[in-house]
1. For the list (1) part of a strand (DSSP E or B); (2) at negative phi; (3) open to solvent by 20 Å² or more (accessible area, probe 1.4 Å), I need the number of the one condition that PRO136 fails.
2. Check TYR160 against each of (1) without any contact (Cβ under 8 Å) to a residue 60 or more places away in the chain; (2) over 17 Å from CYS54 (Cα atoms); (3) touching a Leu at 6+ places or on another chain (Cβ under 6 Å) and name the one condition it does not meet.
3. Under 9 Å between Cβ atoms, at least 6 apart or on separate chains: pull out the pairs that start in region 67-83 with a residue that is over 15 Å from LYS108 (Cα atoms) and touching a residue at least 24 places away in the same chain (Cβ under 8 Å) and end on any residue that is in a strand (DSSP E or B) and open to solvent by 50 Å² or more (accessible area, probe 1.4 Å).
4. Taking into account only those residues within region 40-51 that are over 15 Å from PHE193 (Cβ atoms) and modelled with pLDDT of 95 or more, which is nearest to the chain's Cα centre (by Cα)?
5. Return the only residue of SER89, SER130 being over 23 Å from PHE67 (Cβ atoms), hydroxyl-bearing (Ser, Thr, Tyr) and in a strand (DSSP E or B).
6. Between LEU149, LEU111, which is assigned to a loop (DSSP other than H, G, I, E, B), out of contact with any Asp or Glu (no Cβ under 7 Å at 6 or more places or on another chain), open to solvent by less than 20 Å² (accessible area, probe 1.4 Å) and under 22 Å from TYR44 (Cα atoms)?
7. Just need a number here: residues in region 48-86 that are assigned to a strand (DSSP E or B), open to solvent by 60 Å² or more (accessible area, probe 1.4 Å) and closer than 21 Å to SER116 by Cβ.
8. Could you look through region 114-127, keep only residues that are open to solvent by 20 Å² or more (accessible area, probe 1.4 Å) and touching a residue at least 12 places away in the same chain (Cβ under 8 Å), and pick out the one that is farthest from the chain's Cα centre (by Cα)?
Amino acid sequence: MTQIGAVQSWWLGVTLQLILAGVLLQGFAAAQTTEPMRPEKGNYVVSSSNGTACLLASMGLQLNITFNSVSQNKTVQNIVNLQPNVTKSSGSCDTDTASLRLSTDAEKTNLNFFFSLNTTSNKYHLSNVSLSAAWPDMKEPVSADNSSLDFLRGTLGFSYMCREQQTLTVSPDLSINTFQLQVQPFGVSGDQFGAAEECQLDEDDMLIPIIVGAALAGLVLIVLLAYLIGRKRSHAGYQTI
């Protein structure tokens, strides 16, 4: 085989490897963003005594509850999507506290979110979540309450946004998966969310295509340099006599 033929064969092999690497990197990115079936997103508004909106929330919610099952006669974990079309919302707002109450199934499931505002730093967070549930398959009602949480941290006048799935662990028997979440418990102006402060999960998700693109660009550069070097060597083998 001539040197030119060898270079061409080498170039073809490297090109195939580049294509394979691109497919694998794309597969890796897809694997990183694979998510379970998402619950439907609900939009909830809490109004103050004068009728103006004081808390806005838009999110899909998925409850992970552990309880003693009547039908299975053992402890089970059940995952339930909250359905906005059968969910009633209420709540209250104060200077440094705000709450959102979601009730479904004729009050058989009551989920409460409590937000706190630090009036010195103008920072807010989700400080408490409580749940009471009495489903037909439960041997006894389930309740969970945690008042020492520090989730969904934002700034007064801004909304907190997290498009990616995140899990809020409330107790050993309860965790809540949120999807496409945007919430603003303080400093609401009109009926629209303020500018969004995005969660770290969203920022990390944006990095994946950048990393994949940079890796592919690096591979292309390496192959191009190797090809140019190979061509230079092949021409060196055919000097004029």
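1. It is condition (1) that PRO136 fails.
2. Just one mismatch for TYR160, condition (2).
3. These pairs meet every condition: ASN68/LYS74; ASN68/THR75; SER69/THR75; SER69/ASN78.
4. Here the answer is GLU40.
5. SER89 is the lone residue from the list that is over 23 Å from PHE67 (Cβ atoms), hydroxyl-bearing (Ser, Thr, Tyr) and in a strand (DSSP E or B).
6. Working: LEU111 fails: assigned to a loop (DSSP other than H, G, I, E, B).
Of the residues listed, the single one that is assigned to a loop (DSSP other than H, G, I, E, B), out of contact with any Asp or Glu (no Cβ under 7 Å at 6 or more places or on another chain), open to solvent by less than 20 Å² (accessible area, probe 1.4 Å) and under 22 Å from TYR44 (Cα atoms) is LEU149.
7. Residues that pass the stated criteria total 0.
8. First, pick out the residues of region 114-127 that are open to solvent by 20 Å² or more (accessible area, probe 1.4 Å): 114, 116-123, 125.
Then keep just the ones that are touching a residue at least 12 places away in the same chain (Cβ under 8 Å); that gives 114, 116-119, 122-123, 125.
On the way: PHE114: 21, SER116: 22, LEU117: 24, ASN118: 26, THR119: 28, ASN122: 25, LYS123: 21, HIS125: 17 Å.
Result: THR119.
The values are calculated or read from the model by the stated rules, or taken from the named source; none is laboratory data. What you see is a predicted model; the values in this text were computed from it and never measured. Heads up, the Cβs are rebuilt from the backbone with ideal geometry, glycines too, and the neighbour counts pull from every protein chain shown. Each accessible area value is taken on the protein alone, full model and side chains, heavy atoms only, with ligands, DNA and RNA left out. Shrake-Rupley method; radii C 1.70, N 1.55, O 1.52, S 1.80 Å.
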